[in-house]
1. What helices (runs of 4 or more DSSP H) lie completely within the range B:154-250 and have 2 or more residues being of a type outside the set (A, V, I, L, M, F, W, C) and either within 9 Å of chain A (Cβ to nearest Cβ) or open to solvent by less than 60 Å² (accessible area, probe 1.4 Å) (or both)?
2. Kindly indicate whether any position in the range A:91-103 is open to solvent by 10 Å² or more (accessible area, probe 1.4 Å) and farther than 18 Å from A:Ser141 by Cα.
3. Here are some conditions: (1) under 28 Å from A:Val95 (Cα atoms); (2) of a type in the set (Lys, Arg); (3) out of contact with any Gly (no Cβ under 9 Å at 6 or more places or on another chain). B:Lys221 meets all but one. Which one does it not meet?
4. For the range A:92-133, which positions are within 14 Å of chain B (Cβ to nearest Cβ) and either without any contact (Cβ under 8 Å) to a residue 24 or more places away in the chain or assigned to a helix (DSSP H, G or I) (or both)?
5. Evaluate the following for B:Val149: is it within 14 Å of chain A (Cβ to nearest Cβ), crowded, with 19+ Cβ neighbours inside 10 Å, in contact with a strand residue (DSSP E or B) (Cβ under 6 Å, 6 or more places away or on another chain) and β-branched (Val, Ile, Thr)?
There are 2 protein chains.
Amino acid sequence: MQRFFTKHQIDENNKKLLLPKDVFHHAIHVLRMKSGDQFELVTPEENVLICEILEVNKKDGTFKIIGKNTKNSEIPVKVTIVCGVSKGDKAEEIVKKGTQLGAYEFIFFNSKYSIAKWESKKKDKKITRLKTIAQNAAEQSHRSHIPDVKWVSNLTELMDVLREMDHKIVAYEEAAKNGEKSVMVQLVKDIQPKQSIAAFFGPEGGIAPSEIKILMDNGFKSAGLGPRILRAETAPLYLLSALSFGIELE
Amino acid sequence: MQRFFTKHQIDENNKKLLLPKDVFHHAIHVLRMKSGDQFELVTPEENVLICEILEVNKKDGTFKIIGKNTKNSEIPVKVTIVCGVSKGDKAEEIVKKGTQLGAYEFIFFNSKYSIAKWESKKKDKKITRLKTIAQNAAEQSHRSHIPDVKWVSNLTELMDVLREMDHKIVAYEEAAKNGEKSVMVQLVKDIQPKQSIAAFFGPEGGIAPSEIKILMDNGFKSAGLGPRILRAETAPLYLLSALSFGIELE
């Protein structure tokens, strides 16, 4: 069933509701939904309502709530994917696939070895675009949470933002080269529901030794993600898949 | 260190060897390597030799072997990723990232719900291009095995090709919807080193009920890959990451 997110409050006691503005265009003009068609509506509180369209007019439409979908599609831990910006459309790819794989939020920043830094103008446009990609991917993968996409200007500020995280790991190429094998497994064993993880990834150029020092000083652990060298846009997907396998499957 | 694959036999007892033809152009013309530069050379037997360039001329060059890299970067099981063809460049993406994540080989075929089927002319060109992508990704991720990329024309033939596989699973959307959680975990528990797995994925349109029946009749088990709906090009990456996490980390 088609799933939409709305930013508008829904009065669940009302028997006949107006289609929210952020749903109407997509549902009626793009998908040409008609009276009797059903859809899922995710409220700002992340409840999933099963709805049916009542009437459609040119400028608006009405619907009723016929049930609730209580099946949880969210991984019970909050994974923040932190990436040094890479060139090309790698950020788009990370957000799109990372959202399918359950990321809670994304933070991008200009790291030391970033080849294509995001300057302030470009940055705002990029972040807006990435937020849209996250929402679309969340709808398609039937999530109830839209991952936020944030920008942090430097590593010092980033360490402040991540200070309260329950677990902090960094995917460092040297850890993979040294055959580090236990940090990820231990993380899956230790983590408790609702806890948060910050997972830090370098850009395609890697992480500078001075950056690694700051990360280590702030409680990050260097985690190996298997013995093969993963590209910047692949490593976050490995991490999210491994966490899902370790936490959600049994 | 730069890694190259060669199809030519290397006489490891020879103190001064000619750069293989399939390495010379890339090493000398593209990467401008010079006398004294080192590289890794993967032989047809998948041994990784550490080499040093001796002399470079316009049309050829020589090198000597200075050691062996015995660090294993291959996952100890053979995972065959089988995909119904999807439109756009999804096959390229699956081969590129799947190679980084350790796939042993890839098989593509026109499935019932494939929107953009590969006709015979297009197919040969596609497979050749995918083989090149696999080799490049294998070099970059420091693997010693280049995954083969194959084409099989229909599901009946495919079942013959996969008959001897030790384990067979299919990522079926309905399994995810029904909350199937144990097949992947059981697979990781049961699988023995050197065993083979066929992992079957539909195209973006999904797998037809008649195709699922054939798969079930041929011993495939339907495996859930977490509660979120994954796109055709993301599901194989989840599977490979989960297997690496479950088998290679500890």
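1. Working: elements: B:155-161, B:173-177, B:183-190, B:209-217, B:235-248.
Helices (runs of 4 or more DSSP H) meeting the threshold: B:209-217, B:235-248.
2. No; the residues of the range A:91-103 include none that is open to solvent by 10 Å² or more (accessible area, probe 1.4 Å) and farther than 18 Å from A:Ser141 by Cα.
3. (1)
4. First, pick out the residues of the range A:92-133 that are within 14 Å of chain B (Cβ to nearest Cβ): A:92-104, A:133.
Across the range A:92-133, the qualifying residues are A:Glu92, A:Glu93, A:Ile94, A:Val95, A:Lys96, A:Lys97, A:Gly98, A:Thr99, A:Gln100, A:Ile133.
5. When the stated conditions are applied, B:Val149 does not pass them.
The values are calculated or read from the model by the stated rules, or taken from the named source; none is laboratory data. As the structure is a computational prediction, the values presented were derived from the model and not from experiment. So basically every Cβ, Gly included, is an ideal-geometry build from the backbone, and we count neighbours across all protein chains shown. Ligands, DNA and RNA are excluded from the accessible area calculation, which covers all protein heavy atoms including side chains. Shrake-Rupley method; radii C 1.70, N 1.55, O 1.52, S 1.80 Å.
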